[in-house]
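Working notes for the structure below.
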Amino acid sequence: MVAVSAALALSVTAACGGGGGSDSSNGGAKNAQNAALTGVLNASDKKGGTLELWSSQDVDSLDPARGYYAFVWNLNRLYTRTLVSYDAKPGADGMKLVPDLATAEAALSNDGKTYTYTLRDGLKFDDGTPITSKDVKYGIERIFAQDVVPGGPVYLMEQLDQGQKYPGPYKDSDPNKLGLKSVVTPDDKTVVFNLAAPYADFPYLLAMPGAGPVPVARDTGAQYGSKPASSGPYKIESYEPGKAIKWTRNTNWDQASDPLRKALPDAINMTITTNADDMDQRLIAGTADIDAAQTGVQAAARTKILQDKTLAANSDTPTTGFIRYAAMSTGVAPFENVDCRKAVILASDPTSLQTARGGPIAGGDIGVNMLPPNIPGSEPSYDPYGRAQGKPQVDAAKAALAACGKPEGFSTVIAVRNNKPAEVKTAEALQAALKAVNIDAKIDQIDGAQASSLQGAPDNVHAKGYGIIISGWAADYPSGAGYLQPLVDSRYILKNGNFNFAEIKDPSIDALFDQAKTLPPTEAAAVYTQINHKVMEGAYILPFVADKALNYRNPRLTNVYIHQFWGMYDFQALGVSS
């Protein structure tokens with residue numbers, strides 16, 4: 001669920017890329033609030049020092065095939081390279097895919113169904129072994145082993161399986177564990193993808209961390225995330241779950257083979273804490289550099305920063321590309337009934353939910369539908385439940401309750417991650433609003449680090465009676481499919497790591513996704529508009545806000561900019577001045 005910012009039209013005042021050792025810190029944007037939205041702040045090529053990241057959220061997984069948190073995909077840029085990647089630039093240019101491990105964009109053939117990439121020279125893993133096309137293929141094959149490494153996106157399975165029912169490398173009968181037929185490696189420098197039909201979005205799938213190379217000799221299956229091989233400028237020196245991660249330089253990484261990354265710090269630490277307010281105090285005090293989760297400071301720090309011009313100058317409020325929302329599980333009674341779902345949407349208080357997220361400045365605009373404004377096909381004015389009014393609609397909610405056969409209300413459970421304070425506050429705000437129409441909602445705060453096996457496991461959701469699941473989502477890649485498909489396509493319902501929390505099983509929605517894949521992006525946008533309408537008409541999901549985040553940056557940071565794909569600082573670009 002990678003963040004994509006809605007601010008695609010922001011101007012680009014400076015670029016980030018290349019290497020070198022000279023200090024060019026006189027260039028770039030000047031320090032001010034939101035300075036990192038439009039250019040590179042404190043631009044520099046100076047190497048050295050240690051970047052200090054903090055987070056109140058542990059990673060879901062450091063295994064590139066399993067991680068799905070937005071900030072974890074951003075962290076992967078430190079140690080996982082892919083055939084293509086998003087350019088290391090602020091503004092709209094950062095949305096463009098450029099060659100990474102590959103020498104150039106794919107050579108297309110076979111009427112747009114065959115993609116051929118050639119690897120760069122000098123590519124090595126952190127142990128010095130060469131990176132070959134077979135490592136790329138093997139890394140992709142691991143995605144198919146959902147029984148061993150679940151949790152990450154599965155788009156490549158859909159495009160590459162083609163009826164083979166490939167079980168993944170751990171059950172592969174091929175002696176080299178390279179039996180996926182649609183991917184061919186004629187030599188160590190060439191990898192060929194043969195699709196069943198043209199698919200213009202395919203390169204976006206290859207930019208996801210799960211498409212990075214993995215050496216079969218170092219693959220430890222479900223434990224791979226504890227010490228993954230590095231193809232980038234940093235390697236994971238140590239990982240203590242729930243406590244800390246340390247990256248050090250990959251001495252086998254060659255700057256000449258990597259035009260995207262500067263690799264400025266000598267080391268990068270990430271401290272994981274359970275006390276978000278303490279982390280915010282450390283940010284303001286300058287002993288922490290940024291919050292890696294990039295979901296914004298807590299209420300106390302937010303007030304302090306916004307009321308102090310000096311502190312405010314060290315902050316940015318990007319539109320993150322996330323929609324924060326509640327999904328209603330159709331597998332938990334009474335939410336199999338559309339009118340019961342509508343009752344929740346109508347009874348909710350849009351303004352109190354927005355306030356719980358931080359208000360219009362640091363929390364975002366009231367959410368009215370489930371397609372963000374940066375995604376082609378979106379309709380910011382499409383508001384089928386009148387949420388932009390900012391008020392609960394109690395009478396309409398009571399009418400919906402009567403229509404669903406629950407005129408006296410009902411009881412349900414709201415599942416919310418315990419390490420996301422803003423999510424907990426939205427759960428409380430929703431709980432209070434529902435009480436006004438006699439919907440008794442108990443809040444169950446689940447372990448956020450285990451979310452994929454708790455709220456992401458339909459069997460557990462049913463057993464626990466999680467009728468309402470609170471979450472947030474940003475596009476995996478910048479199209480309607482990249483945003484909506486994991487949330488609403490029935491074929492994406494997984495036993496673990498599921499994100500179709502509503503368990504939507506509408507054949508007409510699935511068919512529209514299939515139709516969109518056959519169309520050029522400009523025509524596909526209209527199909528995604530239709531899907532958005534069907535989702536909202538079905539009342540499966542209650543959008544809270546189109547998310548913004550007030551993030552604080554240590555003044556000592558160099559090369560700071562908001563990357564438009566993640567809607568957060570580009571971690572791999574950051575350096576430190578002291």
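The values are calculated or read from the model by the stated rules, or taken from the named source; none is laboratory data. Here the structure is a predicted model, which is why all the values come from computation and not from measurement. Reconstructed Cβ throughout: ideal geometry from the backbone, glycine too, with neighbour counts over all protein chains shown. Ligands, DNA and RNA are excluded from the accessible area calculation, which covers all protein heavy atoms including side chains. Shrake-Rupley method; radii C 1.70, N 1.55, O 1.52, S 1.80 Å.
Before moving on, here are some points about what is shown:
- With 5 Å bins from 0: P(r) over the stretch 534-575, alpha-carbon pairs, percent: 5, 16, 20, 16, 9, 10, 9, 7, 6, 2
- Ligands, DNA and RNA left out, the accessible area of the chain computed with a 1.4 Å probe is 51% carbon and sulfur.
- The chain: antiparallel DSSP beta bridges as a percent of all, rounded to 5: 70
- Gap separating the Cα centres of the stretch 47-77 and the stretch 279-299, nearest whole Å: 15
- Rg(Cα)/(2.2 N^0.38 Å) for the stretch 464-532, N = residue count: 1.15
- Residues whose placed amide H lies under 5 Å from that of S329, excluding near-sequence neighbours: I468, I469
- Note that the stretch 70-170 carries a Kirkwood radius of 15.6 Å, evaluated over its alpha carbons pair by pair.
- Principal axis extents of the Cα atoms in the chain, from largest to smallest and rounded to whole angstrom, are 69, 59, 42.
- For the stretch 481-578, the spread of Cα positions along the three principal axes, ordered from largest to smallest, is 57, 30, 25 Å.
- Quotient of C-alpha Rg and 2.2 N^0.38 Å, computed over the stretch 175-235: 1.32
- Where Rh is the Kirkwood radius over Cα pairs, Rg/Rh for the stretch 189-281: 1.05
- The 1.4 Å probe gives accessible areas that order E537, E379, E237, E141, largest first, as E537, E237, E379, E141.
- Projected-area average for the stretch 406-559 over all orientations - Cα convex hull basis, square nanometres: 12.1
- Rounded accessible area of K464 (nearest 10 Å², 1.4 Å probe): 120
- Largest-first principal axis extents of the Cα set of the stretch 197-353 (Å): 58, 54, 33
- Cα pair distances exceeding 13 angstrom across the stretch 417-463, given as percent: 61
- Listed peptides 204-213, 547-556 by packing density, highest first (mean Cβ within 10 Å): 204-213, 547-556
- Applying the Kirkwood pairwise sum to the alpha-carbon positions of the stretch 144-201 produces a hydrodynamic radius of 12.6 angstrom.
- Solvent-accessible area per residue, Å², over the chain with all protein chains present [probe radius 1.4 Å]: 35
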